[in-house]
Every structure is written in C-alpha cells, then in structure tokens.
Amino acid sequence: MAMGMTVDTVGELAFPVWNPIRRRFPPDSPFFASGNVERELLAKQVALDLTEDEINHLQIIVETESRRISCPIAGCPERLKSLDHFEDHYNARHTASCSVCSRVYPTSRLLSIHISEAHDSFFQAKVARGYDMYECLVEGCGLKFKTYKARHRHLVDKHKFPTTFEFFKRTQLSKKRREKLQRQHVSKLKHKEDKEEASSDAMEVEDKASVDGLVSALSTLTTADTTPSNVSFGRRHGRGLTFVPRSVHREKRTESSSAPGPTN
Amino acid sequence: MADDGTASNRRDPIKSSVGNVAGQRRRQQAVTVAKERRELLVRAKRLCRVGTNGDVEDACVDNEMMIDEDQPILEAQASKAVEELKSAVQYQGKGAMQKMVIALRELRRLLSKSEFPPVEAALSAGAIPLLVQCLSFGSPDEQLLESAWCLTNIAAGKPEETKALLPALPLLIAHLGEKSSAPVAEQCAWAIGNVAGEGEDLRNVLLSQGALLPLARMIFPDKSSTVRTAAWALSNLIKGPEPKAAAQLVKVDGIMDAILRHFKKSDEVTATEIAWIIVYLSALSDIATSMLVKGGILQLLLERLATSKSLQLLIPVLRSVGNFVAVDPKAILTILIREQNTEESIVGVLAKCLRSEHRVLKKEAAWVLSNIAAGSIEHKRMIHSTEVMSLLLRLLSTSPFDIRKEVAYVLGNLCVESAEGGDTKPRIIQDHLVSIVRGGCLPGFIELVRSPDIEAARLGLQFIELVLRGIPNGEGPKLVEGEDGIDAMERFQFHENEELRVMANSLVDKYFGEDYGIDE
C-alpha cells in the first residue's frame, strides 16, 4: 500500500488532523480546579511571626479541629484534612472511576475490566463469538473465560473469593424499561438491516444478524438510570455524576476551551 | 500594633481557611462539574482568630477542644453577649464607650473560638444592626476594630450569614479610607474580603458601593501586613468571571506599578496574594496584560518560579505565566527570549515544575509548554532541543491521567507546524515526530485512545494518524500495530461517539485495509 511521505490529502476521509492551537481557559474553568483547591488547603499553614509557643498551639488547634476541605469532584461527599490526604483520596476515588456509570475501582486495571465488560459492545460481540474474554480479576493470574459465570467459579475455586461476590451486579430493569428496550431493539434491528449495504467490511462477522442484534440491544442499554447496586465490587458514591470529563457532556461544554486539532 | 516590624511582640493575623460546610449544602444534583467546582472554590473566606491589633489571648492560648456538646452552650453565650451589647449601645451615661468595647470584645471572643462560631445564634439575637451602629464615624479605634472583627467572622461561614453583612458594607468600605488607623482598615478589608469571596452577586454589590478604589489604595504603601490582607481581599473582588472589576482596577493610577513593585520585592506570602491578582488580571484584562508585560512581569515571574519552594506561591505564578503565554504565545515568547538576561530560561523553569512532586504544577506546566509548542518553529525547536523532552516522555507513561493529557498536547504540538490561514494543511515536522516516537511515546498515546475521556481518545487517534502518515519508509503502521494500536482503534467500531467512530474506522480502513495482512 503506497504511503505518501508528503502531506497526505486525507480529504476523502475527512479526518480532523492534528493542528496545534493555543488553549486558553478562564479563571473559573474546571481546568484550574485542582490548583484552586491548593489555595484553600494550604491557607491554614500560613502563620508568620509567631512565637514558638504559638506555633505549637496552632498545630494543636489545626489538628483537633481538623479543618477540612470538601472534595471538589461533583457528587463526592469526602472531606479532606490536608493536601496529601486530598491527593490520596483523589487517586483512590477519582482516577479509577467509570465515567459511564460512576463506579469506583481501586485500580485502573479493574476499572478497565469493568468498562470492557459493562460498556463495550465490541467486547460482547467477541463473547458472542466464543472468545475467552472474561479475565480473572486477580492480577498476574492471566486466565480468561468464556462467560461471566465461569470466571466467577474460577475466582471462588482458585482464589477463594466468597461465593456471594459479584464483580458486576446486574440491576433488575423495571417492566416499563424492559418494554421500552424491546421496542427500541426491534426498530433498531430494522434500521441496521437497511444500513447493511452501505457499511464497510470493518470486521468479519459470520452471522451478522445475531451479532448486530446483540450489539444494537446493548448499545441501547444504558446504566445511567438504573438503581444503584449495593453489593458489587465497585462502590458507587453519590447519585450525582462523579468525574465526568467535560468533553463527554457535549451540550454542557464550556465554550471557552478550544477543541484540539480539527481543521475547520 | 507594632509597626516597626520587630518580630518579638508582633503577631500577624493567622489566616486560615474555613471548612466547607456551606459548599456541601449547596450542592445540587443536576449541576455540571464545572459549575460545582466553581461554586465550591470561589469560597475563599478566612476566619479571623487573631485580629490585626495583635490581640492573641483567646486564639492560641485558650486551646479549647470544641466538641459538639459545647455548641449549644456557645450559642447561648453568644445570644447573651449580643444582649449585653444591645444594652451597652443604648446606655448613654458615663463610661458608655468602655461598656461597648467590653461587650464587643466578649462577642468577638465567642466568634473567634471554634471551627463553627455561633454565628446563627448571634444573628438571630440581632447582632448586625448593633455592630453597624458600632461602626459609626468618630467611634474610637478599638470599637471599630472589635466590631469589624465580629463582622469578619460572621462573614466567614455560610452564604446566608455572609449576606447578612449587607447593611454593614457601606461603613466597612468607608473605614478603608486613608485616614483610618491601619489596623482598623485592615480588619475592614478582611471582612470585605470574606464578603467578596462569597459569590459574584456580593462582589457586584461591593463594586457598586465603591469598594475597589480604597482597597486598591491600601496596596500602595510598603507595609507588609496591610498589603497582604488588602491584596487578598482585592483578588477576591476581581476574580470574575466577569472582567469588569479587573478593568476597573487597571484604571487606578499607579496600581500596576505597585503590583510590580510588591511582586518583585515582597516576602513570599505577600507575593502569593499579589500573584493571584496577576492571575486574574492576566486572564480578564488585555490592557492589564500588556501593561504588566511592558513592566517586566515575565522575568519576575520566571525568577520566582526558579527560586521559590512554596507551593502556594508557585501555583499562581505558574498560572500567570500560563495566562500570558496563552494570550499570544509567539509574542510573549519573543519577549521572553529577548529579555533573557538571567540563567532562567522559560523552558528550564517549566522543566523544574515538571520535576516537582506536585500534581498541579506538573499539569499546568505541561499546559504552558503545549501553548509554547503551538507557536513558531523556533519555539518548537527550543523545547525539542532540551532535556525537557525526556521528562515529558516519562510523564506520558507514568503520571496521572490529567497530566498525561497535557503532555500529549505538548508532544503532538511539537510534531506539527501550526497552520497559517484557513486552508493550508498543517505540515508534519518529521524529525520531531521520529525522535518522539523513538523516545517511546506510542504506548502512552494508545493508552489515551483507550481512555473513557473523549478528548483524550481523540488526541490519541490524531497522534496515531500523524504516525501513520508521517513516519518515513511506511513504518508507521507497523509501529502502531506493534503497540496494539489496531486493537485500540477497533474498539471504536461500535462506540457511541460518532466522531471517534468515524476517525478510528477511517484510519483502520486506510492503513490496515485488505492489503495489509492483519493477523486475525
């Protein structure tokens, strides 16, 4: 395949190639939020020209009264004592949280497993074709399984997980919701068949109808309005949105941040 | 108050931040992340435990552990204190002044003790009108001071409580005047700072009542303590996001000189407050930006960045640099390079921030670099030729997500010429691209493609496109495949985001089509 060295006209693909532009943010932009938090957390440490005694007394006051600052992430009720605590908390709670369903995981690996299994229709498509997709949750084990249940059995048998352990608790949809989904599924299936002709051969699929059906059904399922789980491994905190990158909420995107790259 | 600055007897106000009980209460469910953060962080109020007159008796020495059961007692005491004050105010006879001061002092003590001063109780008992009366012109300094101190702490808590200060504002502002005794003016500034920190509405009220000018004037003298408090209050007043307060400030005769002078010479604590003023000015006022640049602010900022170890100072200084660079990277950079007469180059100073252990410094430094890298070829080469490159590559693989995203911007910007004019396709800078890829950046970008953040995934895909298109001898696709790039892109096949889906699919189609021989 010929690969041009000069600038390629990816015109026919309409790919928004990288274009360096400067990015400017207003002072109240969420981009600066973590820096602003510092200002508050550290303010209490400012104390000049005090005598030694006063410094000691001040320490005691600060510690006993545990002045805390609330975590600035939406929906998080946590209150932190110091910058270090905040960093810990942030790392623990907000860097491994699912932006779709706001579950929190103690490691990025588990988060990524969750995302694949719960929100990735490509994953489900592969499952449907019989691949071993369900990874063992224990890091370093490396085994994979064809079904959620098989993986669960493995966790219990091999790694001594409690039998009641549920990595992903499927929530029971209300009857209304189920009916609605059923209707959507049917109409989507029809729509998909119409598009069949025009679609590119992106992925080889033997049985297009069934996989597409599975895929479209899954893509209509959202976990956003399901009831919060209570026994699952990923703790969901707060009914509000946790850290959702602002770019996910298109309609709420602040117009001040310029988007990267697109050639307009 | 000891004005000669000797450390022994002089106690400076201990400024401490207030717990954000109010913030949590205000949080509503449907609010977007941006608005919530802003609401929370705008609250920059400070509780005054030691007033500006240096009266320390109760603050540290008392050291009572305030536990919850004491709260009702405290509240009862507060109500009683207000009653006492009322009768003192009404009393006309001999020693009236003395009575008032004693009553005020008692109330002030109660309001300065714990993390949760009994503000509500004091307000219900009718403290505000009395305190306003105590602020009347001609009152003795001590009375003014105690009254302003009470008001300061009332304003340091919940929004409703801060708003309760409205009737007192005109007088507080008045006592900022140049004829006021310094401690009184400072205490009033403190109270006003708390009010300004509450929210935009109150800021507008303060502006319309003329708070800006007298507050700004308090920055002119060299006296450290007053300047610090006034600068803090001023920064709260102009923080916006509406630019009108900043615009007003710029018009004050001599203010820019004062700002530059203090920033250059002051101790780090004062410089911190001034730096925040600079942050807001550089973000909100173009006039201020150009005046500051002409006044040599850039070199001063770099010097502070290079020498300071105080995180509290570094953050606003770095952000100011970022704001200046973001306005017009090419122009600012030209000035910086031309003015370079210290050892501190901007890239060197930013590298220092990247090496810091503090997340915020790393993230914002990378942001500044990304804007510099969005400049001219010379600027890109300037970055590319330094040791900052290895730092960036390391950060791309190891740091937290938000830092990695900024680093991605830097690296990508370094590889592409900025397009001039609307229709020219931006050219790839091949030697930069090759060296960065050779430096091992691909896994990091592919990792971004996998992230749930749309913006990050987009960046990753755009960089992959550069690699596929720009690496010589057609080696791009092999490299991408070697790092599981195809797999990462294929995940977008059924992704709900249409733009990403189209982007990923078009790359896979174009570069990994039938001719390629995918090992399936």
Conditions: (1) within 7 Å of another protein chain (Cβ to nearest Cβ); (2) at pLDDT 90 or above; (3) touching a Phe, Trp or Tyr at 6+ places or on another chain (Cβ under 7 Å). B:E455 meets all but one. Number of the miss? (3)
Does segment B:358-365 include one or more residues that are hydrophobic (A, V, I, L, M, F, W, C), open to solvent by 10 Å² or more (accessible area, probe 1.4 Å) and within 14 Å of chain A (Cβ to nearest Cβ)? no
Could you please find all residues in segment A:132-158 being part of a loop (DSSP other than H, G, I, E, B) and farther than 19 Å from B:H495 by Cβ? A:D132, A:C136, A:L137, A:V138, A:E139, A:G140, A:C141, A:G142, A:L143, A:K146, A:T147, A:K158
Restricting attention to helices (runs of 4 or more DSSP H) lying wholly within segment B:131-247, give those where 2 or more residues are of a type outside the set (A, V, I, L, M) and in contact (Cβ under 8 Å) with a residue 12 or more places away in the chain. B:141-154, B:159-163, B:182-196, B:200-208, B:212-217, B:224-238
Determine whether segment B:303-311 contains at least one residue that is closer than 11 Å to B:F263 by Cβ and touching a helix residue (DSSP H, G or I) at 6+ places or on another chain (Cβ under 6 Å). yes
Out of B:A419, B:A504, B:A488, B:A457, sole residue that is hydrophobic (A, V, I, L, M, F, W, C) and out of contact with any helix residue (DSSP H, G or I) (no Cβ under 6 Å at 6 or more places or on another chain): B:A419
Do you know which residues across segment A:99-157 are open to solvent by 20 Å² or more (accessible area, probe 1.4 Å) and among the β-branched types (V, I, T)? A:V100, A:T107, A:I115, A:V127, A:V138, A:T147, A:V156
Does any residue of segment B:87-106 turn out to be in contact with a Leu (Cβ under 9 Å, 6 or more places away or on another chain) and aromatic (F, W, Y)? no
State the number of residues belonging to segment B:372-421 that are under 25 Å from the mean Cα position of the chain (by Cα) and either surrounded by fewer than 19 Cβ atoms within 10 Å (Cβ to Cβ) or not β-branched (V, I, T) (or both). 13
Candidate set from segment B:229-268 (those that are more than 19 Å from the chain's Cα centre (by Cα) and β-branched (V, I, T)); member that is surrounded by the fewest Cβ atoms within 10 Å (Cβ to Cβ): B:V252
Would you check which residues across segment A:111-154 are farther than 19 Å from A:C98 by Cα, touching a residue at least 24 places away in the same chain (Cβ under 8 Å) and among the charged types (D, E, K, R) and list them? A:R129, A:E139
Can you name the residue in segment B:271-290 that is facing another protein chain (nearest Cβ under 10 Å) and hydroxyl-bearing (S, T, Y) and is also surrounded by the most Cβ atoms within 10 Å (Cβ to Cβ) among such residues? B:T272
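Has segment A:196-207 got any residue that is open to solvent by less than 80 Å² (accessible area, probe 1.4 Å) and either at pLDDT 55 or above or more than 14 Å from chain B (Cβ to nearest Cβ) (or both)?
Here is the first cut: in segment A:196-207, the ones open to solvent by less than 80 Å² (accessible area, probe 1.4 Å) are A:196, A:199-200, A:202-203, A:205.
Right, trim to either at pLDDT 55 or above or more than 14 Å from chain B (Cβ to nearest Cβ) (or both) and you get A:196.
Checked against the condition, which is being open to solvent by less than 80 Å² (accessible area, probe 1.4 Å) and either at pLDDT 55 or above or more than 14 Å from chain B (Cβ to nearest Cβ) (or both), segment A:196-207 yields at least one hit.
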Please verify whether B:I346 is buried (at least 24 other Cβ atoms within 10 Å of the Cβ) and more than 29 Å from B:G197 (Cβ to Cβ), treating the condition exactly as stated. yes
For segment B:457-520, give me every one of the helices (runs of 4 or more DSSP H) that falls completely inside it and has 3 or more residues that are under 38 Å from the mean Cα position of the chain (by Cα) and among the aliphatic types (A, V, I, L, M). B:498-511
Scan segment B:297-313 for residues that are open to solvent by 20 Å² or more (accessible area, probe 1.4 Å) and either within 16 Å of B:I238 (Cβ to Cβ) or not in a helix (DSSP H, G or I) (or both) and jot them down. B:K309, B:S310
Evaluate the following for B:A155: is it more than 21 Å from B:E186 (Cβ to Cβ) and of a type in the set (A, V, I, L, M, F, W, C)? no
In segment B:101-117, is there at least one residue being open to solvent by less than 40 Å² (accessible area, probe 1.4 Å), at pLDDT 90 or above and either touching a strand residue (DSSP E or B) at 6+ places or on another chain (Cβ under 8 Å) or of a type in the set (D, E) (or both)? no
Kindly establish whether B:G444 is in contact with a helix residue (DSSP H, G or I) (Cβ under 7 Å, 6 or more places away or on another chain), farther than 26 Å from A:Y131 by Cα, more than 9 Å from chain A (Cβ to nearest Cβ) and not in a helix (DSSP H, G or I). no
Members of segment B:496-513 that are more than 8 Å from every other protein chain (Cβ to nearest Cβ) and without any contact (Cβ under 8 Å) to a residue 12 or more places away in the chain: B:E498, B:R501
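The values are calculated or read from the model by the stated rules, or taken from the named source; none is laboratory data. Since the structure is predicted, the reported quantities are computational estimates derived from the model, not experimental observations. A quick note on method: Cβ atoms are made from the backbone with ideal geometry, for glycine too, and the neighbour counts reach across all protein chains shown. Only protein heavy atoms, including side chains, enter the accessible area calculation; ligands, DNA and RNA are left aside. Shrake-Rupley method; radii C 1.70, N 1.55, O 1.52, S 1.80 Å.
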